[in-house]
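Asker: To start, I am sharing the structure in question, which I have written as structure tokens.
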């Protein structure tokens, strides 16, 4: 009765069809796609040799390391190095300094790029805007050594421009770089000088993404520029600000220790010595590899927890994971 | 030139099967259009023929050779993509030459081939332009040119016109048809647009939900849809489908009866779906027509024709009729006349077309 | 909105104050560079006495003559070029194909490879195991060691992988149908399509190489192999030591201050030359990564 007019196909479900076996498929896949594995290989090898092998080498933190026996051959001693660190004033000081310096950098350094981005956004003269942006991005591309060189030259007690200025004001010259109380302001200040401009790019991009009709309707409502900045721009870029803040908190232990190594002196260790500089002095300069590796492991674990927490928080807040 | 043979093609992503066993024989030089709603598996099927998707089960044969495990480049097929995939960093000539260079065709030969194809497609003066400087239609032509220069055994088209505006689409459609007539290359064309399918195809394959619903020439499918899906998919506006019950002489729909030519012996009382093409009704009674009362609700004039939207019970039906330049005549319409010979009857339960021995 | 006449008086004040503040910030960013340039061109005695503010006192090229006559300056300058260009080249050689492979959906175990790379952003072994590893691999004190050991980082790889993933799949498919193999797809299609991302990564690599000093200082003992930044650091260290003891070598024409400043200027000049070219890319690049660091 029911008749399939014309050549309708018959598709019974579950009928037998020719299907290649599991292994043929895998072999086939590699035969066809071997090239992407060749492309991947050098990178994976690199990661194994230069990043994962050192993780295996972290075991020296639990060993009495001797150069002659090597990483694997040195005897285990458990948590002895961690105990040593726990009772070490120097390590406690480094820990404290790390947190102090990064917290202070966060408090003073974090708002500057945001303010800068808001200010750049209010400039209507394009030539002025572009010129000043070009200049404030520049220090990001300058090496730490030169930053240190500039700081040392500028803050030098005799020839430095800062002390010349103080003298002109009638103040006694200060030897800033050997004064512990001056180390942090100088370090954080030079960090802001170097990075604030460049960091503002992220916020400027967020501002560029604000819907222009918001401003247009605000203008019609009679809002002033100041009000628009506070009531429209700032709330619009708040998600970006929060994400950036979370990232900063996640990287709290990452203090720019390269600049510290270039700027600190025994006289300023009290306020300047951070975990990584401590590791550098103990381990690489002092050849106490095992102890320094223990300090490094401690650092890495705390950093890992911070980063993971930050990522979880940001995922909750913004529904986007950072990576 | 060669045919393409699909046998029991299945595609599964993990445990999810999206194509449930496709059998299709595409003859040499034939233009076959796969049509269906989005997600029906038509693109996936095409991509399995191209070699861009692995075939979970079944066989694809091109020109008598099983190609399941042969790389796309060695299948001797060319494909036109929905977004054209023109390399933005290369000009028109280099875009078309890309495949030929990779296949190490001699430079002089490349040059003549490109010139020839550009001539056919009317692209000669645009050869050194970048895709960004071309109009939509020109980009479409370059995409086809890139396929043509390789002289493949089979052309595959994956919704090639869906990025064009309506006017260009009509124009390019005709151009593809002309090109196929000229080159006579076996072609498989995927689209969701039934007008494209009707106008281009030698044979249409209507797909739904990973299965083939019906295969046939455009007119076969239009005149004798095997089920309500095909009936509703082809034709614009689509076939009206109203519920009814079979009687001795026809089908009772609401309070009126639509007469049928065929005898429904033995099926009286059966619930069915009555299919009436919008263009098959008329406003005047004729031989073998039955009156069909409707409540007119909206008239959409198209010029020489008009669409009458009407309510029938709680269902909406659409009819297409000549205007003769005047739509005021429709204001009093309260019924239309349905010719007995053109009414289609489908089983209400299965949706399959029913035909009755004369 | 650029028409000042439309602004109220308060808005005009606001705009002008804002411009003034930006100008101050810009000048204070620029000033150290001017100051260093002025010191490098001044007479040694003037520099040591601290009388240089923004223009050279007793204009002289003596410091530059001294620097340019120093063989170590030239060898370190040459080394910096080797590390910068060689290092960036090696980085791209590993990163580009690697990121491409990671972007391919057909890669078996792709999720795990991605995690393998990304994990190193969250956890790394630290200075000491890395240092011991370099020693075990016999890569201390060698050009190759310094170049290869810093060739990759997860951030650049992920940035590039994300960019590759954003390229419509049909480009690769079209190229494959045209007969291209993976290497050809990468070289002839993906790389030309990824110019902004590649420029950004090349920029990041080059800047990091040009400015890097810590590991060069730690790993290189041979003076002939040190890059400019390590050499500069040695010179600055002398400067700092001299300060500590309150004496500087005062010469009529050059002093420690002017010589140091001259080396700094020499190190900044190539950055300044490249800067306008790279500038148009880094806006884009920062956005590509979504967020940096």
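Each value in this text was obtained by applying a stated rule to the coordinates, not by laboratory testing. Computed from a predicted structure; not experimentally measured. Neighbour counts are summed over all protein chains in view; Cβ atoms, including those assigned to glycine, are modelled from backbone coordinates with ideal geometry.
Asker: Would you please state which residues of the range A:261-305 a label at residue A:104 would reach in this model, taking the label point 7 Å out along Cα→Cβ and a backbone N cut-off of under 18 Å?
Answerer: Flagged as within label range: A:261-278.
Asker: Nearest 500 deg cm²/dmol is fine: what mean residue ellipticity at 222 nm does the protein assembly as shown get from its DSSP H runs of n ≥ 4 alone, each adding -39,500 (n - 2.57), divided by its residue count?
Answerer: The helix-only estimate for the protein assembly as shown comes to -16000 deg cm²/dmol at 222 nm.
Asker: Right, something else. What is the helix-to-structure angle for B:166-183, meaning the angle in degrees between its Cα long axis and the longest Cα principal axis of chain B, kept from 0 to 90 and rounded to the nearest 10?
Answerer: 60 degrees
Asker: Given 4 °C and 1.567 mPa s, how large is the Stokes-Einstein diffusion coefficient of the range B:5-89 in µm²/s, with Rh as the Kirkwood radius over Cα pairs?
Answerer: 94 µm²/s
Asker: Moving on to the next point. When all alpha-carbon pairs of chain A are counted, what percent fall beyond 32 Å?
Answerer: 54 percent
Asker: I need the calculated FRET efficiency for the pair residue B:329 and residue B:267, taking r as the beta carbon distance and R₀ as 35 Å, to the nearest 0.05.
Answerer: 0.35
Asker: Name the residues of the range A:285-302 whose amide N is less than 20 Å from a point 7 angstrom out from the Cα of residue A:84 along the C-beta direction?
Answerer: Correct set: A:285-301.
Asker: Quick one: A:172, A:195, B:213, fewest Cβ neighbours within 10 Å first, how do they rank?
Answerer: By the 10 Å Cβ count, ascending: A:172, A:195, B:213.
Asker: Also, quick follow-up: Using only Cα atoms, tell me the angle between helix C:9-40 and the longest principal axis of chain C; keep it within 0 to 90° and round to the nearest 10.
Answerer: It works out to around 70 degrees.
Asker: Counting other C-beta atoms within 10 Å, which of B:341, C:267 has the fewest, and how do the rest follow?
Answerer: Ascending number of Cβ neighbours within 10 Å: B:341, C:267.
Asker: Counting only other chains, what is the mean number of Cβ atoms within 10 angstrom of the Cβ of each residue in peptide B:79-90?
Answerer: Mean number of neighbouring Cβ atoms from other chains: 5.
Asker: Could you calculate the contour length gain from residue C:280 to residue C:74, that is, 0.36 nm times the residue separation minus the distance between their Cα atoms, to one decimal place in nm?
Answerer: Roughly 71.1 nm would be gained on extension.
Asker: Give the angle, between 0 and 90 degrees and rounded to the nearest 10, that separates the Cα long axis of helix B:92-102 from the longest principal axis of the Cα atoms of chain B.
Answerer: Roughly 70 degrees, rounded to the nearest 10.
Asker: Kirkwood hydrodynamic radius of the range B:237-347 from all distinct Cα pairs, in Å?
Answerer: 14.2 Å
Asker: Need the full-extension length gain, residue C:13 to residue C:118, defined as separation in residues times 0.36 nm minus the C-alpha distance. One decimal, nm.
Answerer: 32.9 nm
Asker: Viscosity 0.692 mPa s, temperature 37 °C: give me the Stokes-Einstein translational D for the range A:216-323 in µm²/s, with Rh taken as the Kirkwood radius over C-alpha pairs.
Answerer: So the translational diffusion coefficient is about 190 µm²/s.
Asker: Calculate the mean, over all residues of peptide A:150-163, of how many other protein chain Cβ atoms lie within 10 angstrom of the residue's Cβ.
Answerer: Neighbouring Cβ atoms belonging to other protein chains average 6 per residue here.
Asker: Classify the protein assembly as shown as rounded, prolate or oblate, taking a ≥ b ≥ c as the square roots of the eigenvalues of its Cα gyration tensor: rounded when a/c is under 1.5, otherwise prolate if a/b is larger than b/c and oblate if not.
Answerer: Because a/c hits 1.5 or more and a/b exceeds b/c, the protein assembly as shown counts as prolate.
Asker: Starting from the Cα of residue A:124, step 7 Å along the direction of its Cβ; do the same at residue B:23; then give the gap between the two resulting points in nm.
Answerer: 7.6 nm
Asker: Going 7 Å from the Cα of residue A:67 along its beta-carbon direction, which residues of the range C:135-153 have the amide nitrogen within less than 18 Å of the resulting point?
Answerer: C:135-142
Asker: Assign one of three labels to chain C, namely rounded, prolate or oblate, based on the Cα gyration tensor with a ≥ b ≥ c the square roots of its eigenvalues; rounded applies when a/c is under 1.5, prolate when it is not and a/b is larger than b/c, and oblate otherwise.
Answerer: oblate
Asker: Please say if the range B:4-231 is rounded, prolate or oblate, where rounded means a/c under 1.5 for a ≥ b ≥ c the square roots of the C-alpha gyration tensor eigenvalues, and otherwise the choice is prolate for a/b larger than b/c and oblate otherwise?
Answerer: Judged from the Cα gyration tensor, the range B:4-231 comes out prolate (a/c at least 1.5, a/b above b/c).
Asker: Sticking with this one: Exposure proxy check: C:142, A:200 ranked by fewest other beta carbons within 10 Å?
Answerer: C:142, A:200
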